Structure formats: C-alpha cells, structure tokens
Amino acid sequence: MNAIELLIQDHQLVKKLLEELSSTTERAVKKRAELLERIKQEVSIHTALEEQILYPAIKQAGGKEEAKMYYEAKEEHRTVDSLVLPDLLATEAGTVEFAGRVKVMKELLEHHIEEEESELFPTARKLLGKQALEDMGQAMQAQKKLLKGEQRAA
Ligand SMILES: [Fe+2]
Ligand SMILES: [Fe+2]
C-alpha cells in the first residue's frame, strides 16, 4: 500500500466513525464516549503520519503554493487536535451541547479530508512519484504500529 492509499483508508474509517458518533442520541452516553475515544486515537495517529512523513516531503519538493497548502493543512490539524477534540472530551456526553460540538468536529474533519484528497494528495502524486510514495507507505505502516503500541501502553 502506498502512502496515499493508506491515508485514504484512514479517512474512510474516520468518516465512518464520525457518522456513527453523530447518529447517537443523548442516552447513548457510553457509546458516545467509546466512539469519541476511538476517533481521538485514529485521528492522532493519522495526523502524526501526515505531519511526520507526507507533509514535509510535499513542502520540500514544492514551491510557494505547496507551502501554503502545508501550513493550511497543519493549522486544520491543530484546530481539531488542540481545540475541538479537547473541548469535546470535556463535554458531558449526555447533553445536546455534545451533539453540537460533534457536528462541528465532523464538518471540520470532512472539509479537511476533502481538501487533502482533492488537492494535497494529487499534488503529492505529481511531485513525489511512485517509488517515494511506496517507501513512505512502508514507513507509515511501521510508524503506525509503533504509535498504536504506545497508545495501548498508555
Ligand atoms: Fe490531515
Ligand atoms: Fe488526512
């Protein structure tokens, strides 16, 4: 699996989990907490793989346009990881407020995923070439295993 295929597979999983989470009701407190935890784990590993492996390669191989895309995408990661997710984790899962925050997180992530798949990934394909994407896919798989292990140990 090359790097882009791997990341798209992650996107599909996260989108599915977000759909599940947003279809829960206030009574499903336990399910909401479980889904949110799972989303947090998946998103944090995925984001790390992009920021450690793919994004720097795009920035390095590209010019000003690519640098802009790089900073915009990183800022979107930061919004979710440092602002939206921590707020959500601190919100009572049995409330309407929780549902509102889930909706915002879902929209942010869907927008981000859409931009990656329509702009960033095609740019990466053009700039980096097949072999580099294969190598990065390998590196991502190894790194993912490591990070999953760390999450389980935490
Ligand atoms: Fe991303
Ligand atoms: Fe992504």
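The values are calculated or read from the model by the stated rules, or taken from the named source; none is laboratory data. Keep in mind it's a predicted model, so treat the numbers as computed, not measured. Reconstructed Cβ throughout: ideal geometry from the backbone, glycine too, with neighbour counts over all protein chains shown. Side chains are part of the model used for accessible areas, which takes the heavy atoms of the whole protein and leaves out ligands, DNA and RNA. Shrake-Rupley method; radii C 1.70, N 1.55, O 1.52, S 1.80 Å.
Between Glu51, Glu134, the distinction of being open to solvent by 20 Å² or more (accessible area, probe 1.4 Å), within 11 Å of the chain's Cα centre (by Cα) and modelled with pLDDT of 95 or more belongs to Glu51 only. For the range 104-116, indicate whether the set of residues that are closer than 24 Å to Ala57 by Cβ, under 21 Å from the mean Cα position of the chain (by Cα) and open to solvent by 60 Å² or more (accessible area, probe 1.4 Å) is non-empty. Yes: the range 104-116 contains one or more residues that are closer than 24 Å to Ala57 by Cβ, under 21 Å from the mean Cα position of the chain (by Cα) and open to solvent by 60 Å² or more (accessible area, probe 1.4 Å). Apart from one condition, Arg27 fits all of (1) in contact (Cβ under 8 Å) with a residue 24 or more places away in the chain; (2) within 14 Å of ligand 2 (Cβ to nearest atom); (3) surrounded by fewer than 13 Cβ atoms within 10 Å (Cβ to Cβ); the exception is (2). Restricting the first member to the range 1-20 and to residues that are over 19 Å from Glu51 (Cβ atoms), and the second to residues that are open to solvent by 90 Å² or more (accessible area, probe 1.4 Å), the beta-carbon pairs closer than 7 Å and six or more apart or on different chains are Leu17/Arg38.
For Lys126, indicate whether it is within 19 Å of Ile4 (Cα to Cα) and open to solvent by 80 Å² or more (accessible area, probe 1.4 Å). Here the answer is yes, as Lys126 does meet what is asked. Residues that are open to solvent by 40 Å² or more (accessible area, probe 1.4 Å) and away from ligand 1 (no atom under 16 Å from the Cβ) within the range 70-90 comprise Pro86, Asp87, Leu89, Ala90, listed in sequence order. Only one residue in Ala33, Ala67, Ala93 is over 26 Å from Gln151 (Cα atoms), surrounded by 13 or more Cβ atoms within 10 Å (Cβ to Cβ) and more than 12 Å from ligand 2 (Cβ to nearest atom), so which one is that? After ruling out the rest, the residue left standing is Ala67.
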